[in-house]
Amino acid sequence: MAGQLLLVDDEPGLREAVQAYLEDSGFAVDVASNARDGLNLAKQKLPDLVITDIMMPQVDGYQFLKQLREDPQFKTLPVVFLTARGMTSDRIQGYNAGCDAYLSKPFDPDELVAIVSNLLEKKNAALASASDEVHNIADLARQIADIKSILTQRGAIAQPSNPIQLDLTPREKSVLELVVDGLMNKEIASRLDTSVRNVEKYVSRLFVKTGTNSRTELVRFALENGLTNS
């Protein structure tokens, strides 16, 4: 799997050998001999993944990773640690620092390629999932807007023909209002200062109480029956 990589290591021989092997495996690789240059390169090139040595002068791999994670654009950037220190405590420290994989020197370059490929596949899958979620949210917003437009034209929102009374709690009413406004669970949780899990429970209760099975059905039901001020 192709990808743009950043390799940071202060050992010229190892750096050149790893770079050559990764490039032969189809990756584009930028290199830096220290963490400071590595951070600058990361900001310039925005790599898909970083491979870094831990034991480096001035700024070590742990500090380098901390600097990366402090930048919002690198919060989820996959990072692989290379190190001559292979003790369990060292690996635990690496994972606690936020690395995604830990490879002890000397290592099999094929294993490094396998690790990099696996992390990039996971990253791409997460990006695809996030993209699908954005499209789903946009589709839902359009559907809700269409429902509001149709019902407004019919006068059903202002004067519901057969309004019903449901026993909704104040929090359920608040959640319903925000669902009708097109907000998703994460946004509703933030607006109401609660957890996403709690919002999911409220939405599920609203489905049960209204006899609906989806957010669009819930919105239509709420608007047709005067359950919301939206």
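Listed here are the pairs 66/201; 122/173; 122/209; 122/186; which of them are more than 31 Å apart at the Cα? Walk me through the numbers on the way to the answer.
Values: 66/201 37 Å; 122/173 39 Å; 122/209 39 Å; 122/186 23 Å.
Cα-Cα > 31 Å for 66/201; 122/173; 122/209; rest within.
If you filter segment 56-86 for trypsin sites (Lys or Arg not before Pro), then keep DSSP loop positions with at most 14 other Cβ within 10 Å, what is left? List each step's numbers first, then the result.
Numbers: sites: 66, 69, 75, 85; in loops: 75, 85.
Counting only loop positions with at most 14 other Cβ atoms within 10 Å, the trypsin sites (Lys or Arg not before Pro) in segment 56-86 are 75.
So which chymotrypsin sites (Phe, Trp or Tyr not before Pro) in segment 57-124 end up in coil per DSSP with only 15 or fewer other C-beta atoms within 10 Å? The partial results should precede the final answer.
Working: sites: 62, 64, 74, 81, 95, 102, 107; in loops: 107.
Sites meeting the loop and neighbour criteria: 107.
What are the ³J(HN,Hα) values, in whole Hz, obtained from phi via the Karplus relation 6.51 cos²θ - 1.76 cosθ + 1.60 with θ = phi - 60°, for each residue of segment 196-203 in sequence order, with x given for Gly and Pro?
Once rounded to whole Hz, the list reads 4, 4, 5, 4, 4, 5, 5, 5.
From the phi of every residue in segment 96-102, what ³J(HN,Hα) in whole Hz does the Karplus formula 6.51 cos²θ - 1.76 cosθ + 1.60 yield, where θ is phi - 60° and glycine or proline is x?
5, 6, x, 6, 9, 7, 9
Which cross-chain or sequence-distant (5 or more) residues have an amide H under 5 Å from the amide H of residue 102, H modelled 1.01 Å from N in plane?
It is 81, by chain and number.
Let's test this: bin the Cα-Cα distances of segment 42-112 at 5 Å from zero up to the farthest pair and state each bin's percent.
3, 17, 29, 26, 16, 8, 1
Out of residues 5 or more away from residue 7 or on other chains, whose amide H comes under 5 Å of its own, with H placed 1.01 Å from N in the peptide plane?
Counting only residues 5 or more places away or on other chains, the set is 30, 31, 32, 51.
Where in segment 184-203 does the label zone of residue 75 land, with the point 7 angstrom along Cα→C-beta and an amide N cut-off under 11 Å?
Within reach of a label on residue 75: no residues.
Once fully extended, how much extra length lies between residue 121 and residue 60, figured as 0.36 nm per residue of separation less the alpha-carbon to alpha-carbon distance?
Residue separation times 0.36 nm, minus the Cα-Cα distance, leaves 19.2 nm.
Just want to confirm a number: the relative contact order over segment 8-47, from Cα pairs under 8 angstrom separated by 6+ residues, in percent. Please list the in-between numbers first.
Details: 27 pairs, mean separation 17.2, N = 40.
Here the relative contact order equals 43 percent.
Please give the solvent-accessible surface of residue 33 in Å², to the nearest 10, using a probe radius of 1.4 Å with every protein chain present.
For residue 33, solvent-accessible area is about 50 Å².
Give me the accessible area of residue 178, 1.4 Å probe, in Å² rounded to the nearest 10.
Estimated to the nearest 10 Å², residue 178 gives 10 Å².
The values are calculated or read from the model by the stated rules, or taken from the named source; none is laboratory data. Fair warning: this is a prediction, and the values are worked out from it, not measured in the lab. Quick reminder, even Gly has a Cβ in these numbers, built from the backbone with ideal geometry, and neighbours come from all protein chains shown. We work out accessible area using only protein heavy atoms, side chains counted, and drop any ligands, DNA or RNA first. Shrake-Rupley method; radii C 1.70, N 1.55, O 1.52, S 1.80 Å.
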